[in-house]
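Chemist: I have a structure here, written as structure tokens, and I will follow up with some questions on it.
The values are calculated or read from the model by the stated rules, or taken from the named source; none is laboratory data. Computed from a predicted model, the values in this text were never measured in an experiment. Counting neighbours? That spans all protein chains shown, and the Cβs are built from the backbone with ideal geometry, glycine included.
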Amino acid sequence: MRWWWVLMCCLSWATQAETFEAYVIAVIDGDTVLVLRDKQKLKLRLADIDAPEKVQPFGQRSLEFLKSRVNKKVVQVESRAIDQYGRTIATIKLDGIDLNQELVRQGMAWEYSFHHSNKDFIALQLEAQQARRGLWQQTSAQAPWDWRKQHPSYYRSHTTNSRPSVFEPYDLACGKKSRCAQMQSCDEAHFYLTRCRVTSLDKDGDGIPCPKLCISTQ
């Protein structure tokens, strides 16, 4: 029955493939972003790559690199499948640039294509290694999948919790704020809209609160 299992997996993969535009509302780490599509939040896991965990060397730099490119911007998403954690596996592009590939090219992520068989990503990683870009400045960079094997409790806590973590600075309680002028950041505005149900922050009903805070004009 192995052939049947493979066939079903391939069919499931195919049914998830589509291209659409989405607005990036948060960058969670170097290979995961939270986007807004048709007023619904969607967590995207970038395909073919694996970025260092945030507590690893270059983990924060990888996050900041991706954030500087896509945060609060509309990107093109090419989805492939849904993983076991409910994340959409996808490629994201901005202005024609493949960000999955760019992260590997700049040494901000490892290539991690299916069975490490994608020659394009392998070539990009080799280029980054030879140029000693990003994480390849280290003498003995540890692959994130090896790091996770050594720290299983950390990995479980960051993949299986059900509530979003991107709004943690404002998770203590809903206050009395109700106007965009009272918000200190886009993340705070999203928290008040989604957690506290302050719909006055989203006057046009598009799911994006406080446009001056949450929509980049640069």
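Chemist: Kindly establish whether Ile49 is touching a strand residue (DSSP E or B) at 6+ places or on another chain (Cβ under 8 Å) and farther than 21 Å from His190 by Cα.
Modeler: Yes; evaluated as a whole, the condition is true for this residue.
Chemist: For the range 128-149, how many residues meet the condition of being in a helix (DSSP H, G or I) and surrounded by 14 or more Cβ atoms within 10 Å (Cβ to Cβ)?
Modeler: Residues in the range 128-149 being in a helix (DSSP H, G or I) and surrounded by 14 or more Cβ atoms within 10 Å (Cβ to Cβ): 8 in total.
Chemist: Is it true that some residue in the range 163-178 is at pLDDT below 65 and polar (S, T, N, Q)?
Modeler: Taking every residue of the range 163-178 in turn, at least one turns out to be at pLDDT below 65 and polar (S, T, N, Q).
Chemist: Next question. Quick one: in the range 188-214, of everything that is assigned to a helix (DSSP H, G or I) and of a type in the set (A, V, I, L, M, F, W, C), which residue is modelled with the highest pLDDT?
Modeler: The qualifying residue modelled with the highest pLDDT is Leu201.
Chemist: Considering Ser113, Ser79, Ser117, which residue is farther than 18 Å from Phe65 by Cα and within 16 Å of the chain's Cα centre (by Cα)?
Modeler: Exactly one residue qualifies, and that residue is Ser79.
Chemist: Lys67 is checked against (1) surrounded by fewer than 19 Cβ atoms within 10 Å (Cβ to Cβ); (2) within 12 Å of the chain's Cα centre (by Cα); (3) under 17 Å from Phe121 (Cα atoms) and fails just one. What number does that condition carry?
Modeler: (3)
Chemist: Considering only residues of the range 25-40 that are in contact (Cβ under 8 Å) with a residue 60 or more places away in the chain and in a strand (DSSP E or B), which is farthest from the chain's Cα centre (by Cα)?
Modeler: Here the residue is Gln40.
Chemist: Which condition from (1) assigned to a loop (DSSP other than H, G, I, E, B); (2) at pLDDT below 95 is the one that Lys43 breaks?
Modeler: That leaves (1) as the condition not met.
Chemist: Scan the range 89-116 residue by residue and report those that are among the β-branched types (Val, Ile, Thr), out of contact with any Lys or Arg (no Cβ under 6 Å at 6 or more places or on another chain), surrounded by fewer than 21 Cβ atoms within 10 Å (Cβ to Cβ) and under 24 Å from Gln40 (Cα atoms).
Modeler: Result: Thr91, single match.
Chemist: Now for a separate question. Go through the range 48-101 residue by residue and tally those that are touching a residue at least 40 places away in the same chain (Cβ under 8 Å) and either of a type in the set (A, V, I, L, M, F, W, C) or assigned to a strand (DSSP E or B) (or both).
Modeler: Adding up the residues that qualify gives 23.
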